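Structure first, then comments.
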Amino acid sequence: MVEWFHHSRLRSLLARLTLVSVIFVIGVFMGGVDLPRVLVFWVTLGSWALISGLRKHNPSLSAGVDWLAHENGDFVLTYQLALVEVTGTKLHQSLRLVDVHGNEFSSYLDDPQRNTELWDLVYNGILHSVHVNGATISQSTRDSLELDDPLRFRG
């Protein structure tokens, strides 16, 4: 294992509660919040923060030089991908990778991207699989991952 990422449930919960607090403070200081009248709004917003912060989406990912694995046992050989697919809207994209042996990996796209070094390992494998091995990929996935301009980071 070269890199890993584990999303903290506590960090997610604290981020959401901080967001609710900031919205509350801005509302109070701008004078537009009549607390008793919008109590239902605050209860709803606070409940959303608590429930979404405690949900089960806190993946553990790990990567080696030529593989990517999810805690649920899914893994792929990133330099031997047969299919690369990104689906969903810009704000909520899913990544699906299938290697030549039939191994499949799926996650939200931003999960592996949260650890830059881990994403570099995965991205290099995707680039190799697409440009050298001819992995199946749609134009929209190419555009989402910016695979036609991989040297865009040099400057």
Q: Being under 13 Å from the mean Cα position of the chain (by Cα) and among the β-branched types (Val, Ile, Thr) is the filter here, so list the residues in region 83-114 that pass it.
A: Val86, Thr87, Thr89
Q) surrounded by fewer than 18 Cβ atoms within 10 Å (Cβ to Cβ) and free of Cβ contacts under 8 Å to residues at least 40 places away in the same chain: does that describe Val65? A) no
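Here is a yes/no grid of residues against (1) within 24 Å of Gly73 (Cα to Cα); (2) touching a Ser or Thr at 6+ places or on another chain (Cβ under 7 Å); (3) of a type outside the set (A, V, I, L, M, F, W, C):
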| site | (1), (2), (3) |
| --- | --- |
| Val98 | yes, no, no |
| Ser106 | yes, yes, yes |
| Asp111 | yes, no, yes |
| Asn115 | yes, no, yes |
| Trp119 | yes, no, no |
| Ile126 | yes, yes, no |
| Ser140 | no, no, yes |
| Ser144 | no, no, yes |
Q: Please determine, by comparing only the residues of region 79-104 that are more than 21 Å from Gln139 (Cβ to Cβ) and in contact with a strand residue (DSSP E or B) (Cβ under 8 Å, 6 or more places away or on another chain), which one is surrounded by the fewest Cβ atoms within 10 Å (Cβ to Cβ).
A: His101
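All of the numbers you see were taken from the coordinates with simple rules; none came from a lab. These numbers come from a predicted model, not from an experiment. Using ideal geometry, Cβ is built from the backbone for each residue, glycine included, and neighbour counts are taken over all protein chains shown.
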